[in-house]
Amino acid sequence: MSNRRRGLLAGISLFTLFFLAICAQPPADSRLAKVMRVVDGDTVVLNTHEYVRYLGIDTPEVGQPFYTSAKRINRNLVWLKDVYVELGPYPYDGYGRLLAYLWVQQESDWILVNEELLRRGVARVYVLWPKYVLWP
């Protein structure tokens, strides 16, 4: 591949990332709530008394390395802040917690909390698979 073509592809990639970063925001069907308590790195309690388990990530549990860091970062991001809750395709887990993505506004930017915890290195990707996979 020529240097010119590589430069063009790099420019397009940077523009796309920049565009996505600017346009990232909670979807219209998400709902507004306030985080009243941070349970750990990937679970919070809302002002509606609902527990929310973050979709797509997993953070260390009590007694595991980096538990304190994950909880502290999550707390700094969302505690006592208004957030938008975007439910996943399966709204509840086996413990009755909402399964969701959380969006919080920092300055003028919207931050997807689930992704931010990954970016900061205190979470790992975790996919919750449904019990049954049905095909038509």
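The values are calculated or read from the model by the stated rules, or taken from the named source; none is laboratory data. What you see is a predicted model, and the numbers here were worked out from it, not measured in a lab. Cβ coordinates were reconstructed from backbone atoms using ideal geometry, including for glycine residues, and neighbour counts include every protein chain displayed.
Going through VAL52, VAL35, VAL83 one at a time, which residue ends up being part of a strand (DSSP E or B), closer than 17 Å to VAL127 by Cα and modelled with pLDDT of 95 or more? Spell out the reasoning first.
Values: VAL35 fails: closer than 17 Å to VAL127 by Cα; VAL83 fails: closer than 17 Å to VAL127 by Cα.
Going through VAL52, VAL35, VAL83 in turn, just one is part of a strand (DSSP E or B), closer than 17 Å to VAL127 by Cα and modelled with pLDDT of 95 or more: VAL52.
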- [ ] Can you run down the residue pairs with Cβ atoms below 6 Å, 6 or more apart or on separate chains, where the first is in the stretch 83-96 and under 18 Å from GLN25 (Cβ atoms) and in contact (Cβ under 8 Å) with a residue 40 or more places away in the chain and the partner is of a type in the set (Val, Ile, Thr) and surrounded by 10 or more Cβ atoms within 10 Å (Cβ to Cβ)?
- [x] VAL83/VAL35; VAL83/VAL104
Task: Filter result (surrounded by 16 or more Cβ atoms within 10 Å (Cβ to Cβ) and either acidic (Asp, Glu) or over 14 Å from GLU50 (Cα atoms) (or both)) within the stretch 70-90 - done: ALA70, LYS71, ILE73, ASN74, ARG75, LEU77, VAL78, GLU86, GLY88
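Considering only residues that are in contact (Cβ under 8 Å) with a residue 40 or more places away in the chain and in contact with a helix residue (DSSP H, G or I) (Cβ under 8 Å, 6 or more places away or on another chain), which ones fall in the stretch 47-76? Steps first, answer last, please.
Initially, the stretch 47-76 is screened for residues in contact (Cβ under 8 Å) with a residue 40 or more places away in the chain, giving 50-60, 66, 69-70, 73-74.
Passing the criteria: TYR54, LEU55, GLY56, ILE57, THR59, PRO60, ALA70, ILE73, ASN74.
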